[in-house]
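Have a look at the structure below before the remarks.
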Amino acid sequence: IDLLIGGHSHDLLDPPLQINKTILAQAGDYGRFLGRLDLTIDPASGKVTHFEHALLPIEETIDPDPAAHAAVESERVRVQAIMSREVGMLSAPFELSDEKECAVGNLLADALLERVKGAQMAFVLAGHWETALEKGLLTQGALFAANRSTANPAWLKLTGSQIKQFLREALKAENAARTPHGLRGRAVGMPHIAGAIIRRNGSSSGE
């Protein structure tokens with residue numbers, strides 16, 4: 001592999017990394033830069049013999065391309081129609097908290113468990129939510145505004161020891177208060193679980 005152009009992790013590689021003979025390039029996050037990479041390729045072997053890079057700042061002073069601007073505005077109208085769709089009616093508000101169990105965290109865990117067929121449990125963190133959900137009509141736009149997480153669900157097998165270790169670490173106040181770059185400044189928040197059964201002294205309760 002001669003070249004890897006990365007994304008999603010928000011990393012800015014300036015200059016690009018070169019590991020063995022593979023170039024790793026990535027132009028940061030939120031469209032701050034346009035990355036340019038010029039390669040010199042040996043026509044006989046097809047191998048990259050030299051490369052030059054540049055990060056071009058994307059500033060507000062740059063005039064938008066008329067065709068691209070028109071396409072964006074057209075999509076904006078379509079998106080507004082989608083976001084106005086009614087998805088439910090909330091009889092009570094769903095609160096959000098980073099320090100304790102909360103309603104929106106439980107809602108997301110329940111939804112994940114239902115979504116991933118064959119899963120026995122679901123684990124989520126409150127930090128996926130930006131805001132609580134207000135009582136009353138819920139539109140798709142309001143739901144997306146409240147939960148703008150880009151995280152993708154993953155299905156995996158865990159041992160009981162791994163689950164206990166996750167819960168011990170996730171319940172630590174210092175871990176819940178972390179604000180990783182991937183969450184755009186949001187705190188990780190407390191863990192929320194769906195599908196678990198807790199047994200104490202022979203009795204059990206669902207959670």
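For the peptides 64-73, 31-40, 96-105, the ranking by packing is 96-105, 31-40, 64-73, with the highest mean count of neighbouring Cβ atoms within 10 Å listed first.
Leaving out same-chain residues fewer than 8 places away, which lysines sit with a Cα under 26 Å from that of LYS21? Of all the lysines, those that pass the test against LYS21 - Cα under 26 Å, at least 8 places apart if same chain - are LYS47. Axis angle, to the nearest 10 degrees, between helix 66-83 and the longest C-alpha principal axis of the chain: 10 degrees.
Normalised per residue, the accessible area of the chain is 71 Å², obtained with a 1.4 Å probe and no contribution from ligands, DNA or RNA.
Tilt of helix 103-115 relative to the longest C-alpha principal axis of the chain, in degrees (0 to 90, nearest 10)? Long axis of 103-115 versus the principal axis of the chain: about 70 degrees.
Size descriptor for the range 9-101, Kirkwood hydrodynamic radius: 18.5 Å (Cα pairs only, one decimal).
Projecting the Cα positions of PRO66, HIS10, LEU133 onto the charge dipole of the chain (unit charges on Cβ atoms of Lys, Arg, Asp and Glu, taken about the Cα centre) puts LEU133 furthest along the positive direction.
Helix 160-170 versus the longest principal axis of the chain: what is the Cα-based angle in degrees, 0 to 90, to the nearest 10? Rounded to the nearest ten degrees, it is 80. Among all the lysines, which ones have a C-alpha under 24 Å from LYS164's C-alpha, if same-chain residues fewer than 8 places away are not counted? LYS164 reaches LYS100, LYS117, LYS172.
The values are calculated or read from the model by the stated rules, or taken from the named source; none is laboratory data. Nothing here was measured: the structure is a model prediction, and the numbers come from that model. Backbone-built Cβ (ideal geometry, glycine too); neighbour counts: all protein chains shown. Surface accessibility is based on the protein's heavy atoms, side chains included, excluding ligands, DNA and RNA. Shrake-Rupley method; radii C 1.70, N 1.55, O 1.52, S 1.80 Å.
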